[in-house]
Ligand code: NAP
């Protein structure tokens with residue numbers, strides 16, 4: 001993936017310790033980006049992601065921050081700017097589920113999911129917006145989901161957060177396009193990670209049965225779509241949602 005300028009780009013990936021986030025860190029490192037690997041609690045896993053990135057020849061460091069706090073998002077961006085001098089790519093990947101039917105859903109389950117998945121993305125975007133506008137360059141990629149497009153029984157909180165990310169992406173695209181900053185979303189389907197391994201077997205089988213491709217996706221397949229939006233020469237693509245779902249949302 002040739003990049004068009006000689007600037008070494010820096011990417012901040014939230015939730016880069018595991019799963020799709022780790023695959024994104026590695027894909028961006030392969031493309032020559034320095035990588036700031038954010039995590040909430042899995043310090044050792046985040047250090048392992050950073051080490052794997054460094055083995056690809058780039059700078060990489062792990063940064064702890066709970067993105068459900070706006071103050072923590074601002075502090076995270078400050079720390080990454082202090083360490084790397086710039087942020088060119090922000091990937092809002094950190095996400096959690098607290099699944100339940102609406103009638104059994106607690107306020108805490110709702111708040112946890114919305115605060116992490118949506119508020120976290122909003123406040124990371126807010127923190128990077130000024131430096132990106134100042135440098136007249138930025139690539140923001142938000143991890144939505146096919147359930148943000150189609151809904152899913154048992155996931156009103158999660159699908160609301162993922163639909164919200166699409167609204168965020170489109171609004172940001174309009175606010176930032178004139179400053180050379182793009183905002184796009186990737187909407188994965190059913191991808192093999194800790195998040196989906198935690199589902200009951202019946203739910204996993206039902207999900208898999210609805211995939212035209214006949215199999216779950218791999219984190220690397222999502223990561224390649226994120227890396228596409230993060231490319232320098234993708235600067236005329238903004239406000240888009242790309243499904244990586246084996247045909248689930250068709
Ligand atoms: P995962 O394996 O459960 O990993 C979640 C990641 O998010 C971890 O790195 C975790 O950090 C981090 N995280 C969670 N809460 C955080 C917080 N408050 N602050 C900072 N980091 C936090 O999840 P995944 O399956 O890779 O999913 C990644 C993204 O893709 C999520 O946004 C998810 O909603 C989305 N997605 C996944 C699928 C799928 O099928 N897997 C489908 C559609 C969309 P720690 O390791 O420190 O806990």
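Read-outs: derived from the displayed coordinates by stated rules, not from any lab. Just so it is clear, the structure is predicted and the values come from calculations on it, not from any experiment. Using ideal geometry, Cβ is built from the backbone for each residue, glycine included, and neighbour counts are taken over all protein chains shown.
Things worth noting here:
- Given (1) under 14 Å from the mean Cα position of the chain (by Cα); (2) closer than 19 Å to residue 129 by Cβ, number of the condition residue 78 does not satisfy: (1)
- One residue stands out among those in the stretch 77-96 that are touching a helix residue (DSSP H, G or I) at 6+ places or on another chain (Cβ under 9 Å) and farther than 16 Å from residue 39 by Cα: the one that is surrounded by the most Cβ atoms within 10 Å (Cβ to Cβ), which is 89.
- Every condition in (1) in a strand (DSSP E or B); (2) more than 12 Å from the ligand (Cβ to nearest atom); (3) free of Cβ contacts under 8 Å to residues at least 40 places away in the same chain holds for residue 11 except the one numbered (3).
- With respect to the conditions (1) in contact with a strand residue (DSSP E or B) (Cβ under 7 Å, 6 or more places away or on another chain); (2) closer than 20 Å to residue 28 by Cα, residue 85 lacks only one, and its number is (1).
- The single condition among (1) touching a helix residue (DSSP H, G or I) at 6+ places or on another chain (Cβ under 9 Å); (2) free of Cβ contacts under 8 Å to residues at least 40 places away in the same chain that residue 145 does not meet is (2).
- Qualifying residue in the stretch 36-44 (condition: within 16 Å of the ligand (Cβ to nearest atom), assigned to a helix (DSSP H, G or I) and surrounded by fewer than 19 Cβ atoms within 10 Å (Cβ to Cβ)): yes
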